[in-house]
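What follows is one structure encoded as structure tokens, with my remarks underneath.
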Amino acid sequence: MSKKLLAAPYLVWIAGFIIIPLALIVYYGLTDRDGAFTLANVVSIGTPEHRKALWLSLWLSLLSTIVCLVLAYPLAMILRNRGVGRGSFIVFIFILPMWMNFLLRTMAWQTLLEKNGVINGILSLLHLPNQNLINTAGAIILGMVYNFLPFMVLPIYNVLCKIDDDTINAASDLGANSIQTLLRIWFPLSVPGVISGITMVFVPAFTTFVISNLLGGSKILLIGNVIEQEFTRGSNWHLGSGLSLVLMVFILLSMAVIAKYDKNGEGSAF
Amino acid sequence: MSQPLIDLRNITKSFDGTVVLDDLNLSVAENAFVTLLGPSGCGKTTTLRIIGGFETADRGQVVFDGEDISKLPPNKRQLNTVFQKYALFSHMNIAENIAFGLKIKGKSNSYIQDKIKYALKLVNLDGYENRSVSSLSGGQQQRIAIARAIVNEPRVLLLDEPLGALDLKLRQDMQYELIRLKNELGITFIYVTHDQEEALTMSDTIVVMNQGYIQQMGTPEQIYNEPENAFVADFIGESNIVPGIMIQDELVEIFGTRFACVDKGFGNNKPVDVVIRPEDIDLVDPSAGTLTGVCTHLIFKGVHYEMEVTTPDGFEWLVHSTDMCPVGKEVGIHVDPFDIQIMNKPASEDEEAVGVNE
Ligand SMILES: Nc1ncnc2c1ncn2[C@@H]1O[C@H](COP(=O)(O)OP(=O)(O)O)[C@@H](O)[C@H]1O
Ligand SMILES: [Mg+2]
């Protein structure tokens with residue numbers, strides 16, 4: 001009885017901030033301005049510009065996820081083998097940006113990459129030609145990787161820490177060299193962390209609009225930007241909700257695929 | 001004696017400035033069952049890890065079959081380890097675990113299958129090939145860890161407290177199992193335990209260690225019956241350790257009373273430590289005893305009674321006997337000469353650190 005009472009605030013929270021907004025999105029997504037049922041908002045994902053934004057989002061977020069994975073795995077390995085407790089320099093460098101606000105971090109990159117920004121300033125000082133850095137797909141990937149890398153490192157680091165030293169020693173004892181140990185012990189045992197890292201990077205990267213706004217300018221539209229514009233500039237909540245629903249289905253599908261591989265449910269993000 | 005299979009020479013190891021092993025020398029003969037025995041933290045695991053290659057000594061050499069292997073990584077050493085917490089590969093089934101070392105060595109599939117079958121039979125777990133690691137009990141996981149090691153036909157098997165996590169009954173069963181395995185395989189075992197009973201039961205050589213030093217090395221009988229110092233006497237079984245004076249050869253004085261003994265060569269009027277096992281004390285009529293005291297404590301232990309007899313000097317003698325002496329009764333103490341074990345007292349503080357630490 002009292003336990004149920006204790007749960008009440010959370011239930012209110014869940015209802016107020018998750019269930020009701022979700023219901024509203026479903027409602028808006030499946031109705032038109034007159035409140036009549038329609039699938040038009042959802043189906044409009046098939047229009048060429050929406051399809052293009054969706055594919056671009058998928059493509060850029062996939063690339064960022066791969067880059068994050070390639071960077072994060074060795075980093076997590078180093079952190080695990082050195083021990084974070086020893087205050088290694090790497091940890092410091094890695095943690096430092098996380099203390100800053102997400103927007104600030106991204107805006108900092110904006111200043112660095114701009115036409116008359118810091119990097120081009122240095123290039124011209126060295127009499128090198130200016131580079132077109134900002135408003136490119138590369139800038140967006142950079143922003144995604146920079147912002148989401150910790151979400152890849154942490155779950156992998158966690159899962160690597162759970163691997164006992166003696167498990168590694170046992171592999172070596174049985175004749176495995178370090179590459180064989182990496183392939184046959186470290187990798188398979190860290191799969192749950194990798195999967196959870198992939199979800200934690202891929203999902204926010206796929207749906208982001210802030211990074212593409214700041215680093216992609218108006219030239220590069222991701223699906224997140226399209227939805228954002230429907231809600232803010234276009235004031236078409238119905239279309240925005242409809243597209244959000246499509247996005248949600250996409251994410252749920254990718255999660256289902258990922259969950260299939262995450263047999264143990266270990267290191268899961270959910 | 002023929003060349004030892006493993007020879008540790010002057011091994012020294014410190015962690016963060018603390019010396020854990022100090023100039024340790026140890027020879028292990030081929031086909032021996034050697035047990036490193038000592039209290040927790042005395043450096044047993046470190047010694048084993050240095051032999052296995054998981055730790056490198058600061059100084060000294062590990063010689064294997066006449067060849068210095070100090071610098072070889074574990075995967076290049078012809079020995080296998082059974083780790084304290086089994087360290088099985090949880091992402092592989094039992095067959096894959098056992099096959100791991102053989103696959104690395106590129107053995108043929110049919111050879112590997114035969115070996116898996118053979119090893120599972122040897123550890124009494126036939127038919128467990130496709131089980132997952134987590135579905136096995138601690139004792140079964142232990143057996144798989146042993147199977148995984150022995151399929152590689154190592155010349156030496158290193159075992160670090162392999163039975164430490166098992167309950168008493170299972171531990172005793174596994175002790176006999178391990179002895180049987182050792183005899184069937186005919187390989188050298190280096191075994192680590194802090195359990196003196198386990199060491200006495202299983203080994204043919206016991207190395208008693210304390211604080212990084214070897215205290216005594218010998219057969220279980222030698223270690224038990226002729227402890228060389230008070231630490232060994234105290235650590236192996238229960239014992240009465242009393243200060244005494246060696247009057248002359250074969251005569252020792254304890255609390256002012258002279259006892260005949262069989263030890264010689266300690267010099268005359270030399271202070272010594274005297275060890276008498278509780279089961280070696282005979283309780284007799286006060287008039288027939290060398291010493292007399294009063295029984296102050298009595299517990300029934302099943303096989304024997306455990307009693308404490310307090311002598312006038314205040315010493316409480318621990319006595320194990322099938323004869324019972326009620327509390328408060330005066331009783332005589334008699335010890336046969338060959339049951340009295342004389343040990344040198346450590347002469348200096350230095351020697352005390354090396355030899356006797358309590
Ligand atoms: N990797 C290590 N780092 C620091 N100290 C260690 C390490 N390994 C062992 N020690 C210390 O060395 C001593 C001996 O340890 P160990 O060989 O494990 O003892 P045992 O196995 O006899 O219990 C202990 O005091 C332990 O704390
Ligand atoms: Mg140990």
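The values are calculated or read from the model by the stated rules, or taken from the named source; none is laboratory data. Note that this is a predicted model, so its numbers are computed, not measured. Cβ atoms come from the backbone with ideal geometry, glycine included; neighbour counts cover every protein chain shown. The area values use the complete protein model at the heavy-atom level, side chains included, leaving out ligands, DNA and RNA. Shrake-Rupley method; radii C 1.70, N 1.55, O 1.52, S 1.80 Å.
Could I have the simple spin-label model distance between B:K270 and A:S235, label points 7 Å from Cα toward Cβ, reported in nm to one decimal?
10.8 nm
DSSP loop chymotrypsin sites (Phe, Trp or Tyr not before Pro) in region B:83-151 with at most 16 other Cβ atoms within 10 Å of their Cβ, which ones?
Those that pass, being in a loop and sparsely packed, number zero.
Over the Cα atoms, compute the radius of gyration (one decimal) and Dmax (the largest Cα-Cα distance, rounded to a whole number) for region B:239-355, in Å.
Answer for region B:239-355, Rg first and Dmax second: 15.0, 44 Å.
Going down the table (B:K103/B:K169; B:K13/B:K169; B:K13/B:K301; A:K3/A:K260; B:K76/B:K115), which pairs top 32 Å between alpha carbons?
Pairs exceeding the cut-off: B:K103/B:K169; B:K13/B:K169; B:K13/B:K301; A:K3/A:K260.
Based on DSSP H runs of at least 4 residues, each adding -39500 (n - 2.57), what is the mean residue ellipticity at 222 nm of chain A after dividing by all its residues, to the nearest 500 deg cm²/dmol?
Only helices count here, giving -22500 deg cm²/dmol.
Please go through the residue pairs A:K162/B:K121; A:K162/B:K85; B:K44/B:K121; A:K162/B:K71 and name each one whose alpha carbons sit more than 20 Å apart in this structure.
A:K162/B:K121; B:K44/B:K121; A:K162/B:K71
In whole Hz, with x marking every Gly and Pro, tabulate ³J(HN,Hα) for region B:117-122 from phi via Karplus 6.51 cos²θ - 1.76 cosθ + 1.60, θ = phi - 60°.
Using θ = phi - 60°, the values come out as 4, 4, 5, 5, 5, 4 Hz.
Please give the FRET efficiency for B:D126 paired with B:S40, using the beta carbon to beta carbon distance and R0 = 51 Å, rounded to the nearest 0.05.
The formula returns an efficiency of 0.90 here.
How would you rank A:145-158, B:296-309, B:24-37, highest first, on the average number of other Cβ atoms within 10 Å across their residues?
With the highest mean Cβ count within 10 Å placed first, the list reads A:145-158, B:24-37, B:296-309.
Which whole-number percentage describes the relative contact order of chain B, with Cα contacts under 8 Å and a sequence gap of 6 or more?
15 percent
In square angstrom, rounded to the nearest 10, how much accessible surface does B:M174 have for a 1.4 Å probe?
0 Å²
Run the quick spin-label model on B:N93 and A:M248: label points 7 Å from Cα toward the beta carbon, then report their separation in nm to one decimal.
Using points 7 Å along Cα→Cβ, the separation is 4.2 nm.
Would you mind getting me the FRET efficiency between B:E221 and B:R155? Use the beta-carbon distance for r and R0 = 35 Å, nearest 0.05.
Calculated transfer efficiency: 0.80.
What Kirkwood radius, in Å to one decimal, follows from the Cα pairs of region B:6-225?
Kirkwood radius, region B:6-225: 17.9 Å.
Based on alpha-carbon positions alone, could you give the equivalent ellipsoid semi-axes of region B:239-294 from the gyration tensor, as √(5λ), descending, whole Å?
21, 12, 10
Enumerate the whole-percent occupancy of each 10 Å bin, from 0 to the last occupied one, for all C-alpha pair distances of region B:12-103.
With a bin width of 10 Å, the distribution comes to 13, 41, 32, 13, 1.
Just the ratio, please: alpha-carbon radius of gyration of the protein assembly as shown over 2.2 N^0.38 Å, N its number of residues.
That works out to 1.43 for the protein assembly as shown.
Can you give the Rg to Rh ratio for region B:151-293, taking only C-alpha atoms and Rh from Kirkwood?
1.09
Please list B:E198, B:E250 in order of solvent-accessible area, largest first, computed with a 1.4 Å probe with all protein chains present.
B:E250, B:E198
Separation between the B:L185 and A:L128 pseudo-spin-labels, each 7 Å from Cα along Cα→Cβ, expressed in nm?
6.1 nm
Round to the nearest 0.05 the FRET efficiency obtained for B:D23 and A:I163 when R0 = 30 Å and r is the Cβ-Cβ distance. Mind showing how you got there, number by number?
Numbers: r = 35 Å, r/R0 = 1.17.
The value I calculate is 0.30.
Amide H to amide H under 5 Å from B:Q216: which residues, 5+ apart in sequence or cross-chain, H placed 1.01 Å off N in plane?
Amide H to amide H, under 5 Å and 5 or more residues apart or across chains, B:Q216 pairs with B:V208.
At 0.36 nm per residue, minus the direct Cα-Cα distance, what do A:R51 and A:V257 gain on full extension? Give it in nm, one decimal, please. Intermediate results must be reported in sequence, preceding the final value.
Numbers: separation 206, 0.36 × 206 = 74.16 nm, distance 2.19 nm.
Taking A:R51 through A:V257 to full extension adds about 72.0 nm, to one decimal.
For region B:237-254, take each phi angle, set θ = phi - 60°, evaluate the Karplus expression 6.51 cos²θ - 1.76 cosθ + 1.60, and give the result in whole Hz per residue in order, putting x for glycine and proline.
In residue order, the calculated couplings are x, 9, 7, 9, 10, 10, x, x, 10, 7, 5, 7, 3, 6, 8, 10, 10, 10 Hz.
Give me, ordered by chain and number, the residues 5 or more places off A:L222 or on other chains with an amide H under 5 Å from its own placed amide H.
none
Using only Cα atoms, figure out Rg for chain A and give it as a multiple of 2.2 N^0.38 Å.
Numbers: Rg = 22.3 Å, N = 270, 2.2 N^0.38 = 18.5 Å.
Compactness ratio reported: 1.21.
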